[in-house]
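The values are calculated or read from the model by the stated rules, or taken from the named source; none is laboratory data. Computed from a predicted structure; not experimentally measured. Every residue, glycine as well, gets a Cβ built from its backbone with ideal geometry; the counts of neighbours run over all protein chains shown. Ligands, DNA and RNA are excluded from the accessible area calculation, which covers all protein heavy atoms including side chains. Shrake-Rupley method; radii C 1.70, N 1.55, O 1.52, S 1.80 Å.
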Amino acid sequence: VRTLRLLRALFVVGWKEALAYRTELFVWILATTMPLVMLVLWRAVTEEKTLIGADGIPFGGQKVVAYFLATFLIRQLCGSWAAWQINQEIKDGTLALRLLRPVHPFLPWATEQLAYIPLRGAVALAGAGTALVVYARGELTTDVLVLGALPVSIFLAFICTFSLNLIFGSLAFWTNQSTKIMDAYNAIFFVFSGYLIPVTLFPRRLAEALDYLPFRYQLGVPVELLVSGYDGKTAWLLVAKQAVFATLLLTGAFAAFHRGLRRFEAVGG
Amino acid sequence: MRALPPSRPRRAGRGAWAVVRAQVRAAFLAKLQYRADFFVDALLELFWTGSAIAPLFVVYRDRTTVAGASFGEALAVVGVFTILTGVLETAVTPSLNRLVEHVRKGTLDFVLLAPRDAQLLLSTERIEPWRSANLIAGIALVVAGLARDGIHPSPTQVASALVAFAGAVVYLFAIFTVAASLAFWVVRADNLVYLFTSLFDGARWPRHVFKGFVRVLFTYVLPFAVMTNFPVEALTGKLSLLSLGIATAGACAAFVASRALFQYALRNYTSAGG
């Protein structure tokens, strides 16, 4: 009960902060509109010829609209940018203040990130959600099993992304290049997560290889569940794989942070 | 505490070149102390360049043109995009991010006390020479794109492309100056710089693929697509003199407008004190 009360308090603090910086939050949302640009691009590409994905599902017409609107929407629901904050706190020594508190630093970082999601989600739902229903309703899944898997998948996608942010943020214990390494990871993430290109449009071998890498589980899987017409069994299998990755990444995050903590010496006092 | 700057902005005037030279030299010397950064940054730029061209291979996998643009042309557009990204990351965004930091911390006062044009000082305060690795990668992509299509530009076409490229750099500087100027009113203006950087990512594609609102946005409002496409169109002989003239005039107008906004913002600056 005490932990729940603590989580609630941390969430409320994060929520108030999100509200205080609502203009900046809106600017941040606008900065993640690349899927909408990709929508226009892929519409032009598929207007000439519908593409067939590695899974045999055609990609063209309303499917393109549905896919990229869903990508934009779901990124708002599972995105995390904690690495930059962690990097900053390690560099300027303010992590020391967090360590003095009787709560593991991962909790406040997680709740701060989660607190921004309702506001980001509301803005995205009002725009992209409405557009999805109006322009591409026919492409959205109606399978109850898939719809049940969707929120679980979005949550696991957040855990994967947040854990990777923790790992890359923790690299600041060893190097001052940690945000650059995160940038490099993001460059690969944008290509292989389904953010710029649906994973199924890659050559079959590459698409299969991506099953064993974390990118797709950070974003592509929940998007696919929403628009790719999977059956319940396929959907839950993907969610199970996502859960494995989330567990591995979170364990890796704990290991990286605690190993790095041994090297931490607070700056100043 | 009210603003420290003088009521009328100082002109760049005489000695501006000497200031620029000294600032750039100081920025270079500061960065030269961290030589290991070069290898990390160069590696990261390779990743970014790879991520920029990877989608092209998927898009062009089973077709020769997309919206009238061949693979070679699209590759050359990515090349110009990469060069402009290099310019942006080497000379534009580091200084503008520093400006945002100055406003937030209140240290802008020290810059304003200097007896030189504030915009000039702020625009040349921080340089990331290692990011210029993009320039080499970008030029290589442009050459590869043209070679793939068997295009050998004439000296006039090369000159037109250079004019279009210079205009693009001026546009880029103007747009990001506007973003940074907003730091005087918005607390987290670094988000704005990030927003423009993200939107600039859309300029890596041939401009004819964009339709409707996005086309209007990337052509007239934030002419990112014009900036990356015009130099390539000039090299391939597809750019008319009129279009080049309009784009150049637009770049000059954008620069004047951005400078006016910056000076206006400066006049309204209230020190954070301290």
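Between A:L140 and A:V13, the contour length at 0.36 nm per residue exceeds the Cα-Cα span by 42.2 nm. Against the main long axis of the alpha-carbon atoms of chain A, helix A:106-124 sits at an angle near 40°. Restricting attention to chain A, the count of lysine pairs at 8 or more positions apart or across chains with alpha carbons under 22 Å apart stands at 4.
Taking Cα atoms only, the orientation of helix A:178-192 departs from the longest principal axis of chain A by about 10 degrees. If the chain linking B:R148 and B:R61 were pulled fully straight, counting 0.36 nm for each residue of separation and taking away their Cα-Cα distance, it would gain 29.8 nm.
Accessible-area rank, largest first, for A:Y135, A:Y195: A:Y135, A:Y195, with all protein chains present and a 1.4 angstrom probe.
Residue by residue through A:180-187, how many Cβ atoms from other chains fall within 10 Å of the Cβ on average?
4
Of the chymotrypsin sites (Phe, Trp or Tyr not before Pro) found in the range B:140-201, those in coil by DSSP whose Cβ has at most 13 other Cβ atoms within 10 Å are B:W185. Neighbours of B:S51 by Cβ distance under 13 Å: Lys/Arg scored +1, Asp/Glu scored -1, total -2.
Only protein heavy atoms count here; on that basis, with a 1.4 Å probe, A:D55 has an accessible area of about 70 Å².
DSSP H helices in chain B with Cα extent of 20 Å or more along the helix axis and mean Kyte-Doolittle hydropathy at least 1.6?
Helices meeting the criterion: B:71-87, B:133-148, B:155-181.
At the residue level, B:V193 shows approximately 10 square angstrom of accessible surface with a 1.4 angstrom probe and all protein chains present. Hey, what angle do you get for helix A:62-78 against the long axis of chain A, alpha-carbon based, 0 to 90 degrees rounded to 10? Helix A:62-78 sits at roughly 10 degrees to that axis. Here the range A:127-187 and the range B:20-64 have alpha carbon centers that stand 26 Å from each other. Taking all protein chains as they are arranged and a probe of 1.4 Å, the heavy atoms of B:Y34 leave approximately 120 Å² accessible to solvent.
If DNA, RNA and ligands are ignored and the probe is 1.4 Å, what is the ranking of A:W15, A:W236, B:W205, A:W81 by accessible area, most exposed first?
My answer, sorted largest first, is A:W236, A:W15, A:W81, B:W205.
Here A:V133 and B:F39 are evaluated by their C-beta separation; at R0 = 51 Å the FRET efficiency comes out at 0.55.
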